[in-house]
Amino acid sequence: MTLDTTAAAGAITVRDLHVRIGEVHAVRGIDFTLSAGRTLALVGESGSGKSMTALALMGLNPPGARVTAERLALDDGTTPQNARGDRIAMIFQEPMTALNPVFTIGDQLCAVYRRHRGGSMRAARERAVELLDRVGVPSARTRLGQYPHMMSGGQRQRVLIAMALMCEPDFLIADEPTTALDVTTQVKLLDLLAGLRDEFGLGMLFITHDLGVVARIADDVAVMKHGEIVETGPCARVLTAPEHSYTRSLIDSLPQPVPPTAHDGAAPVLSAHGLGRVYPPRGMFGGTPFRALTDASLSLSKGEVLGIVGESGCGKSTLARILIGLDRPTEGRVELGGEDMRNLPQKLRARRIQPVFQDPFGSLNPSWTIRRILDLPLRLHTQLDTSARKARVLELLKDVGLPERAAEATPRALSGGQRQRVAIARALAAEPQILICDEPTSALDVSVQAQVLELLRGLIRERDLSMVFISHDLAVVQAICDRVIVMDLGRIVEESATDRLFAAPRHARTQALKDAVLELPDTGTT
Amino acid sequence: MLGFLFRRSLLALFVVFAISVITFVLSHVAVDPATGIAGDSATDADLAAIRVQYGFDQPLMTQYAGYLADLARGDLGRSYLSGEPVGQIIAERVPATALLACLSLLFALGIAIPLGVLAALHANSWLDRMALTLAVVGQAVPNFWAGLLLILLFGIKLGWLPISGSDSLAHFILPAITLGSFAMPALMRLVRAGMIEVLEADYIRTARAMGLGEGQILFKYALRNAVLPVISLTAVQFGFMLGGSIVVESIFAVQGVGYLAWQSMSRSDMPVIQAIVLLISMIYILLTLFADLANAALDPRIRSKA
């Protein structure tokens, strides 16, 4: 399928691009044209081949990859790898690791300029200051002498954008550049990129899995599945009137708000009173203590889902670790069923309260079978004999929608969504009253996310579970939570029923989070 | 930073104290120092006289207190054999050992870094396998055997290099290769592992995406990150070399601290042995401190944890 955007002079033309890695045919004969001044969004779920396409375009193929194309060149015939950093630049998903940690920002920016443009260090530094200013890095001149770790994720991504623009490229390839960032930072960066595209006439290839991001920045969309482009067209048309069933299913998978249930008056199963956490200084040269949490109080009723939202570093994961019992507060206390958690034996606490973590790839022992992973909590928390435990493992798999044969597999053999189902089954094995879920769907594709949310909703209904649901994604929170707590700088700044909170936010932080929600055109869906 | 140095100095003092206790007790309990001084033909009366003369008849605590008091004044005692001050004897031998250790380290790093980088760049190729084989052989062959083989080949058969003594720089070449080839494999493998990891890092991909040259990426961007753990290991290996020099200096008759240690041990010259052990442990402590400071100088993340 071919997508020709405008017939502007500057363009990269890709015809019949194939990428093979060993036996895997990752990209299967795709065509597109990237034109000056326009943004083409390449959308798809993990494994669809969108990042492979971007890397092939840059000539940055992973080892063992074979790339063939009928045409893969700029309009003057230059191959992209010969124009790297000069006429084509790229920014990546992980701003925290994409800058060299042992060189200053100035060194890294200037190296790019001097490599392609030559000239003095002084000229390179002036150019770096000019661009850092333009991309919104405050005190640009001072920043040149700083190292990446001294900056936030958003600032680092701005530095990377400045680095990409050092030599005034004609094309910018952006591979999920806002995925690792907070939602409010994401919106600012998308607007910045759109502004830079218009100002410099950049042709931009924007790779993302997030349709909200597409709606915000793209002129045209190409939807990828299994290495092929299944649908292309202008952004507004594809998002509002998709022609392909896969595009339709992606849009339908977006989380929809559900009306919250009130749990007023019920005795809390879990409550926190004035929690605080101060971490002692770390590092070999000493340092100052860090306060991660201040005076946090909350309560959770039976059958209730309590959302905790906030940006990275706001203290939500610290709060979760304390609620699970993995960390001790330096102030305040947690009560489980009215009893102080410090007085509860660890085993009893673990039986009542179980965690589900964000990363299903890191939270399961890779060398154990799923049966062994699920058997461990059964052995710890139940009196079942071997055959009863065997049967229970199969029941648990069925409860989370996995086939029986999954019991003999290792985590490696399962997809991200399947692994997260195993993590949920493991949490359920102890038959807890409370689940603490820390960003349980943020590492998953949108269609898998929808399935996991549906699973959690069903489990809460059937088992009368209570749940603390931590997320940075307000759309997900609206789809599952009854009540929401908003955190900022280690404090709880607002608390309300989910629908009320989004209808009439009182705190500026809540308003900022709400404003950062990216909506699709017309459909009104988030 | 100053607090860090102060804490490390206190720790060093404690370690030196602990080592002085261990060496003192071991050397006085394991053997009778009087027998060592008097020799095998001494009579009981000779031994009794020596014990009184050197104070070995005093309780061990009293002897140690005296030793510690002397140590605090910088007095390491006198050799039982020559009667010369131990400080002076060791000072005469330090230059040869320092030269040997530095040359060995230069040899080890000179081979380990380029070979490690090459092995990482061509991971799993014949070159990598050859480097790995070299590493395994280097670590498996004992110093004394490697030394003897080098003497046979370069000293006796080819006659290119002197095989005994420490009169000229040429005398240090074979001992330095022997000592360095023992330290080199671990360093080489760490450089290789570090480079493989760093070359897969996101910031190297960024550098490639920005069109930087491959040489700049390898030797400026990647190597600087990959050598960070190598610095700590180098300090440890340098310490091992000081210990290993006892064997190597003996083989090549290099008039250094190691050879002195071997001579003193074979004659139970306890004050000299104790002083050498203390000296080597203090150098070890200083080396790890230097390694920490060098890491902080190269890695801004360590510096800013202040």
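The C-beta contact set for region A:240-258 (first residue closer than 29 Å to residue A:498 by Cα, second residue in a helix (DSSP H, G or I) and of a type in the set (Lys, Arg), distance under 8 angstrom, 6+ apart or interchain) comprises A:258/A:457. Every condition in (1) open to solvent by 30 Å² or more (accessible area, probe 1.4 Å); (2) assigned to a helix (DSSP H, G or I) holds for residue B:164 except the one numbered (2). Looking for whichever is outside the structural domain of residue B:193 (by TED's automatic domain parsing) and open to solvent by 60 Å² or more (accessible area, probe 1.4 Å) here; the options are B:99, B:81. Which one fits? Answer to the selection: B:81. Under the condition of being at positive phi and surrounded by 13 or more Cβ atoms within 10 Å (Cβ to Cβ), the residues counted in region A:228-265 number 1. Whenever a residue of region A:19-48 is outside the structural domain of residue A:234 (by TED's automatic domain parsing) and of a type in the set (Gly, Ala, Ser), it has no partner that is open to solvent by less than 20 Å² (accessible area, probe 1.4 Å) and assigned to a strand (DSSP E or B) lying with C-beta atoms less than 7 angstrom away and at least six residues away or across chains. Among the residues here, residue B:210 does not qualify as crowded, with 21+ Cβ neighbours inside 10 Å and farther than 24 Å from residue B:299 by Cβ. Condition test on residue A:150, is it within 13 Å of chain B (Cβ to nearest Cβ), among the aliphatic types (A, V, I, L, M) and free of Cβ contacts under 8 Å to residues at least 12 places away in the same chain? Yes; evaluated as a whole, the condition is true for this residue. Within region A:99-114, no residue satisfies the criterion of being over 14 Å from residue A:128 (Cα atoms) and either over 29 Å from the mean Cα position of the chain (by Cα) or more than 10 Å from chain B (Cβ to nearest Cβ) (or both).
Set side by side, the residues B:253, B:235, B:294, B:207 differ, and just one is of a type in the set (Gly, Ala, Ser), within 14 Å of chain A (Cβ to nearest Cβ) and in contact (Cβ under 8 Å) with a residue 40 or more places away in the chain, which is B:294.
Taking residue B:219 as the residue in question, decide whether it is at pLDDT below 90, more than 10 Å from every other protein chain (Cβ to nearest Cβ), surrounded by fewer than 18 Cβ atoms within 10 Å (Cβ to Cβ) and out of contact with any Phe, Trp or Tyr (no Cβ under 8 Å at 6 or more places or on another chain). In short, yes. The residues of region A:168-207 that are touching a Phe, Trp or Tyr at 6+ places or on another chain (Cβ under 9 Å), open to solvent by 20 Å² or more (accessible area, probe 1.4 Å) and touching a residue at least 60 places away in the same chain (Cβ under 8 Å) amount to a single one, A:170.
Of all the criteria given as (1) within 21 Å of residue A:217 (Cβ to Cβ); (2) over 29 Å from the mean Cα position of the chain (by Cα); (3) crowded, with 20+ Cβ neighbours inside 10 Å, the one not satisfied by residue A:83 is (1).
Given the criterion facing chain B (nearest Cβ under 9 Å), at pLDDT 90 or above and within 27 Å of the chain's Cα centre (by Cα), identify the matching residue among A:96, A:90. Going through A:96, A:90 in turn, the sole match is A:90.
If the condition is being among the hydrophobic types (A, V, I, L, M, F, W, C), over 32 Å from the mean Cα position of the chain (by Cα) and closer than 16 Å to residue B:78 by Cα, then region B:21-51 contributes B:38, B:50. If the condition is being at pLDDT below 85 and either within 14 Å of chain B (Cβ to nearest Cβ) or closer than 18 Å to residue A:132 by Cβ (or both), then region A:182-202 contributes only A:185. Among the residues of region A:314-328, write down those that are open to solvent by 40 Å² or more (accessible area, probe 1.4 Å) and out of contact with any Asp or Glu (no Cβ under 9 Å at 6 or more places or on another chain). The answer is A:326, A:328. Of everything in region A:86-123, what is aliphatic (A, V, I, L, M) and touching a residue at least 40 places away in the same chain (Cβ under 8 Å)? Give them in sequence order. Correct list: A:88, A:89, A:90, A:91, A:96, A:98, A:99, A:102, A:105, A:109, A:112. Residue under question is residue A:385, and the condition is that it be surrounded by fewer than 16 Cβ atoms within 10 Å (Cβ to Cβ), outside the structural domain of residue A:303 (by TED's automatic domain parsing) and either aliphatic (A, V, I, L, M) or more than 28 Å from the chain's Cα centre (by Cα) (or both); does it hold? Yes, satisfied. Counting just the residues of region A:473-501 that are touching a helix residue (DSSP H, G or I) at 6+ places or on another chain (Cβ under 6 Å) and free of Cβ contacts under 8 Å to residues at least 60 places away in the same chain, which one comes out least open to solvent (accessible area, probe 1.4 Å)? Taking the candidates together, the pick is A:494.
For region B:236-256, filtering for residues that are under 17 Å from the mean Cα position of the chain (by Cα) and either open to solvent by 10 Å² or more (accessible area, probe 1.4 Å) or more than 21 Å from residue B:178 (Cα to Cα) (or both) leaves 12. Considering only residues that are away from every other protein chain (no Cβ under 14 Å) and open to solvent by less than 10 Å² (accessible area, probe 1.4 Å), look in region B:180-204 and name the one that is modelled with the lowest pLDDT. Here the answer is B:183.
Restricted to helices (runs of 4 or more DSSP H) entirely inside region B:1-115, those with at least 2 residues that are modelled with pLDDT under 80 are B:2-29, B:33-38.
The values are calculated or read from the model by the stated rules, or taken from the named source; none is laboratory data. Keep in mind it's a predicted model, so treat the numbers as computed, not measured. Cβ: placed from backbone, ideal geometry, glycine included. Neighbour counts: every protein chain shown. Keep in mind that these areas ignore ligands, DNA and RNA; they rest on the heavy atoms of the full protein, side chains included. Shrake-Rupley method; radii C 1.70, N 1.55, O 1.52, S 1.80 Å.
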